[in-house]
Amino acid sequence: MSKLWLVTLHEYRKHVLNKGFVLAMLSVPLLMAFIIGMGAVTDLMKQDGRPVGYVDHAGWLSDPVAPVAPSRSSLRTLFDKPVSLVAYDAVDAAHSALESGEIQAYYVFAADYMQSRQVELVYTRPPGENATDQFSEFLQRNLLAGQPPHIVQRAVQGGTLVVRTPDGDRELVEGQIMSVLVPILLSITFMILFMSTSFTLVQAVVEEKDNRTMEILTTSVSPGQLIGGKVLAVVGMGLTMFMSWMALVALALLFAGNVLGFEWALQIRIAPRVIGALVLVAIPSYALYCGLMAALGSTVADAQESQQIGGLVSLVFGLPFYAIIALVEQPHSPLAIFLTLFPLTSLTSFCLRLAFSTWPLWQLVAAVGILTVSALGSIWLAARAFRLGMLRYGKRLTWRELFQGTATPQSSAAPATGGR
Amino acid sequence: MHPVEVSHIAKSFGSTQAVADVSFVVERGEIFGLLGPNGAGKTTTIRVMLDLFKPDRGEVSVLGGPMTEEKKERIGYMPEERGLYQDISLERCLVYLGTLKGLPAAEARQRVRRYLAQFDLAQHRNKKVKELSKGMQQKAQIINTILHDPELVIIDEPFTALDPVNTQMVKDLIRELRTQGTTMLMSTHQMHQVEELCDRILLIDEGRNVLYGEVDEIRRQYSGHAVLVRAAGELPLVPGVEQVSPHNNAVKWTLAQDTTPQAVLQALMAQNVTVERFEIALPTVEEIFIRAVEEGDA
């Protein structure tokens, strides 16, 4: 096995086979589960399973069409409790039932309902969404009594507004909030992934200084093999984490869609061309970050300093989030184009623009080109910084030294260890 | 072909001249001592030898030519900056570093276990390196240096942090390696170890050669005009002795320029003195070191 792969395997095992990685791997799905769980609990609190009453002064519901009971799983039923509808002859009786808590609310149809369509809702506390939704459907079905069943069904379903780009790559379906949320969540996921793995890379480089293993390693392998192995290991770790997240999220969505009956979970669609574009942008972005972080690890004095500076770099990555309004309202403005083409913000900008608009092909080509050149430059810089900074303990390599190549080998700050 | 040939190397970092002009040759199978005060340029010289730094001028030949990636597997190096991976087990750490020196993993593991047993570390092999004492880590470093049977071993301060028992063990190991034909370059401040172990030395100061050659020859060169004498009973007065000073269990006589040790011995014999010890007073390497550096400063 070549030394590059020996370093890669060693580093990969070191990063992946520890509690920190398992926690990081589970953190995103757990966070999502927590958010979904909180939403579900909130939804559950809006449910009220008590009956809803109605008083029909117009007399048009003497022989009502019964509500259609949907075929739902028991878990889905929990989040959309069926309510029964109770007819009352008089308002007094309905009101007594409301006061005693037998029903959660009652509707009163005006005597001239067929002309005025006036209905009054009476409650002590607002009824659950399940109750109002089911009563609205009951009303629709009775108003459409006598129509063919498919007409009734179509009318009850209502309209769905679909906004689609001319090339068909992007579409926004009314009510499918996940179509907007997925790209945003994707960019947040990329950000978390980049931050966590690139910090790991910085520490992997700094660690050799902290452990004083740099000289042993550089007299065993070439700097290229060492830094290349470390980058490959961190990329492998990042891919492992990303694939784990995707697999866990896919499982969660399948569970939500098939078991809980949440239709939105099965309606997330991103065109393959868009995924391809994101991959084209994501790969050089990742390489750029890894290169920058490796260079950073070679220039700083210790792990603590690397975290502080690494945090600043990651802040730049998140800049498009601060400009999200501009990206949404004016996706073709100079600011949006700049953020799309600037290598450190390209990926996030593309993800956010995916949520709300499209991008022209030239911007994609230009961004990928700029990113590729930047990534190669950052890796070159990392190799140079590593070579110059590898034997400097407790002292940082300045950017001036990095570009001039006049670094001193040992630190005057570490006289106890520094020979000359 | 010498294992190491260094010819007039110089290396500066900015305005700091770390090495001005250093040349030496390390013979095959010898223990070579690289000596010098702090800041003399020893570490930079070693790093130039190992191609960690490119020299500004001069030439270096290691194992028959310029340093290459392939040659790294034939060299064992224990740097001044000691270090091992702290958060993994001792055995895993040493096996990994052994594989980077070209050993197959199974072979590396087998050798690591053998050396751990030899160095009384077998029961600690599954402990994390950071859980080991400084002395244990030092022994682990030595194992890492020789694990792959290198042709050339370069060690910076091999006895740091070792207790007397382990110091003796390392000395025995160094002698054993020499017996096996391994060439060794040792940089140290512990002059008595140099005297005991090294065949030849190079003393450098301010980046330049100061003394270079066989240890015994250098000591002879630096011997003053003096003899060490011990006799049964009191020593008589002998012509030509200018100064008398105690020296361990003997007396050191500094002789006049025109007085030879043979003349002094004859004078003692003539006076029927029972001589128990009579030898030319050779300076220790430490004394030579101090004198040479002081002369250089003057």
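The values are calculated or read from the model by the stated rules, or taken from the named source; none is laboratory data. Just so we're clear, the structure is a prediction, and the values are computed from it rather than from any experiment. Because the Cβ atoms are built from the backbone with ideal geometry, glycine has one as well, and the counts that use them run over all protein chains shown. Surface accessibility is based on the protein's heavy atoms, side chains included, excluding ligands, DNA and RNA. Shrake-Rupley method; radii C 1.70, N 1.55, O 1.52, S 1.80 Å.
Rounded to the nearest 500, what is the 222 nm mean residue ellipticity of the protein assembly as shown from helices alone, with -39500 (n - 2.57) per DSSP H run of 4+ residues and division by all residues? Intermediate results must be reported in sequence, preceding the final value.
Working: 27 runs with 361 residues, N = 718.
Mean residue ellipticity, 222 nm, calculated: -16000 deg cm²/dmol.
Using the per-residue mean of other Cβ atoms lying within 10 Å as a proxy for protection, in what order, highest first, do the peptides A:239-245, A:226-232 fall?
Numbers: A:239-245: 16.9, A:226-232: 24.0.
Highest to lowest by the protection proxy: A:226-232, A:239-245.
Report the FRET efficiency, 1/(1 + (r/R0)^6), for A:Ala326 and B:Glu196, where r is their Cβ-Cβ distance and R0 is 56 Å, rounded to 0.05. Walk me through the numbers before you get to the answer.
On the way: r = 76 Å, r/R0 = 1.36.
Working from the Cβ atoms, E equals 0.15.
Explain nothing, just compute: Karplus ³J(HN,Hα) = 6.51 cos²θ - 1.76 cosθ + 1.60, θ = phi - 60°, for every residue of segment B:170-183 in order, whole Hz, x for Gly and Pro.
With coefficients 6.51, -1.76 and 1.60, one gets 5, 4, 4, 5, 4, 5, 5, 5, 5, 4, 7, x, 6, 8 Hz.
Hey, got the average number of other protein chain Cβ atoms within 10 angstrom for residues in B:98-105? Spell out each step's value before the answer.
Numbers: counts 1, 7, 11, 5, 2, 0, 1, 2.
Average per residue, whole number: 4.
Pick from B:Val26, B:Val285, B:Val241 the residue whose mean-square fluctuation is largest in a GNM of chain B, springs joining Cα atoms under 10 Å.
B:Val241
Enter the Cα centre distance for the pair segment A:215-251 and segment B:176-208, rounded to the nearest angstrom.
First find each Cα centre; the distance between them is then 41 Å.
Could you tell me which residue out of B:Cys93, B:Phe13, B:Leu35 lies farthest along the dipole of chain B toward its positive end? Charges go on the beta carbon: Lys and Arg +1, Asp and Glu -1, centred on the Cα centre.
B:Cys93
Could you work out how much longer the chain between A:Arg273 and A:Gln157 gets when fully extended? Use 0.36 nm per residue separation minus the Cα distance between them, nm to one decimal. Write out the running numbers ahead of the final one.
Working: separation 116, 0.36 × 116 = 41.76 nm, distance 3.16 nm.
Full-extension gain reported as 38.6 nm.
How tilted is helix B:105-118 with respect to the longest principal axis of chain B? Cα atoms for both, answer in degrees (0 to 90, nearest 10).
Once rounded, the angle reads 40 degrees.
For the pair B and A, how large is the buried accessible area, both sides, in square angstrom to the nearest 100, if the probe is 1.4 Å? Could the numbers behind the result be given before it?
Working: alone 15020 and 22360 Å², together 34230 Å².
Looking at B and A, the buried total is near 3100 Å².
What is the helix-to-structure angle for B:285-297, meaning the angle in degrees between its Cα long axis and the longest Cα principal axis of chain B, kept from 0 to 90 and rounded to the nearest 10?
90
How many nm separate the modelled label positions at A:Leu335 and B:Ser245, each set 7 Å beyond the Cα in the direction of the Cβ?
Each label point lies 7 Å from its Cα, and together they span 8.4 nm.
Percent relative contact order of chain B, based on C-alpha pairs within less than 8 angstrom and at least six residues apart? List each step's numbers first, then the result.
Numbers: 535 pairs, mean separation 61.8, N = 298.
Here the relative contact order equals 21 percent.
Which far-off residues, 5 or more places away or on another chain, put their amide H under 5 Å from the one on B:Ser187, with H placed in the peptide plane?
B:Leu34, B:Ile155, B:Asp156, B:Glu157
Any idea how far apart B:Gln271 and B:Asp163 come out in nm if each label point goes 7 Å out from Cα toward Cβ?
Computed distance between label sites B:Gln271 and B:Asp163 equals 4.9 nm.
Taking the Cα centre of segment A:189-280 as origin and charging only Cβ (+1 Lys, Arg; -1 Asp, Glu), how large is the dipole, in debye to the nearest 20?
Numbers: 5 positive and 5 negative charges, 50 e Å.
Roughly 240 debye, rounded to the nearest 20.
Work out from phi, with θ = phi - 60° and the Karplus expression 6.51 cos²θ - 1.76 cosθ + 1.60, the ³J(HN,Hα) of each residue of segment B:70-82, listed in order in whole Hz, and give x for Gly and Pro.
Rounded to whole hertz, the list is 5, 5, 4, 6, 9, 10, x, 10, 10, x, 4, 7, 5.
Between B:Phe13 and residues 5 or more places away or on another chain, which pairs have amide H atoms under 5 Å apart, with H built 1.01 Å from N, and which residues are they?
So B:Phe13 has HN proximity to B:Ala18.
Normalised by the residues of segment B:228-298, what does the relative contact order come to in percent, with Cα pairs under 8 Å and at least six apart?
Working: 74 pairs, mean separation 26.9, N = 71.
Computed over segment B:228-298, the figure is 38 percent.
With r defined as the distance between the Cβ atoms of B:Glu27 and B:Ile290 and R0 fixed at 25 Å, what FRET efficiency is calculated, to the nearest 0.05? Mind showing how you got there, number by number?
Numbers: r = 27 Å, r/R0 = 1.07.
It comes out at approximately 0.40.
Working with all protein chains in place, sort A:His332, A:His150 by solvent-accessible area computed with a 1.4 Å probe, largest first. Before the final figure, lay out the partial values.
Details: A:His332 110, A:His150 130 Å².
Largest accessible area first, the residues go A:His150, A:His332.
Using Cα-Cα distances under 8 Å and only pairs 6 or more residues apart, what relative contact order does segment B:88-139 have, in percent? All intermediate terms of the calculation are to be shown ahead of the outcome.
Working: 36 pairs, mean separation 23.5, N = 52.
Once divided by the residue count of segment B:88-139, the mean separation gives 45 percent.
When the dipole is taken about the Cα centre of the protein assembly as shown, and only Lys, Arg (+1) and Asp, Glu (-1) are charged at their Cβ, what size is it in debye, to the nearest 20? Before the final figure, lay out each step's value.
Values: 61 positive and 70 negative charges, 206 e Å.
Magnitude of the dipole: close to 980 debye.
Taking the Cα centre of chain B as origin and charging only Cβ (+1 Lys, Arg; -1 Asp, Glu), how large is the dipole, in debye to the nearest 20? It would help to have the intermediate numbers written out before the result.
Working: 33 positive and 42 negative charges, 268 e Å.
The dipole magnitude comes to about 1280 debye.
Could you name every residue in segment A:1-24 that has 50 Å² or more less accessible surface in the full protein assembly than in its own chain alone (probe 1.4 Å, ligands and nucleic acids excluded)?
Relative to the lone chain, where solvent access is computed with a 1.4 Å probe, segment A:1-24 loses at least 50 Å² at A:Lys3, A:Leu6, A:His10.
Determine the share of chain B's accessible area contributed by carbon and sulfur atoms, expressed in whole percent, with a 1.4 angstrom probe.
Numbers: 6390 of 13480 Å².
Carbon plus sulfur share of accessible area: 47 percent.
Quick one: Karplus J couplings for segment A:3-16, per residue in order, coefficients 6.51, -1.76, 1.60, θ = phi - 60°, nearest Hz, x for Gly and Pro?
5, 4, 6, 4, 5, 4, 5, 4, 5, 4, 4, 5, 6, 8
How many partner chain Cβ atoms sit within 10 Å of a residue's Cβ in peptide B:83-89, on average, as a whole number? Don't skip to the end; give the middle numbers.
Numbers: counts 11, 4, 7, 5, 4, 3, 0.
Mean shielding count: 5.
Ignoring ligands, DNA and RNA, what accessible area per residue does segment B:8-99 give at 1.4 Å, in Å²? Intermediate results must be reported in sequence, preceding the final value.
Values: 2890 Å² over 92 residues.
On a per-residue basis, segment B:8-99 sits at 31 Å².
Can you pull the mean other chain C-beta count within 10 Å for peptide A:216-225? Walk me through the intermediate numbers first.
Numbers: counts 14, 3, 7, 16, 13, 4, 3, 1, 1, 2.
Per-residue shielding by partner chains comes out at 6.
What order, most packed first, do the peptides B:83-94, B:120-131 have when packing is the mean number of other Cβ atoms within 10 Å of each residue? Present the calculation step by step, with values, prior to reporting the outcome.
On the way: B:83-94: 19.9, B:120-131: 15.1.
Ranked by mean Cβ neighbours within 10 Å, highest first: B:83-94, B:120-131.
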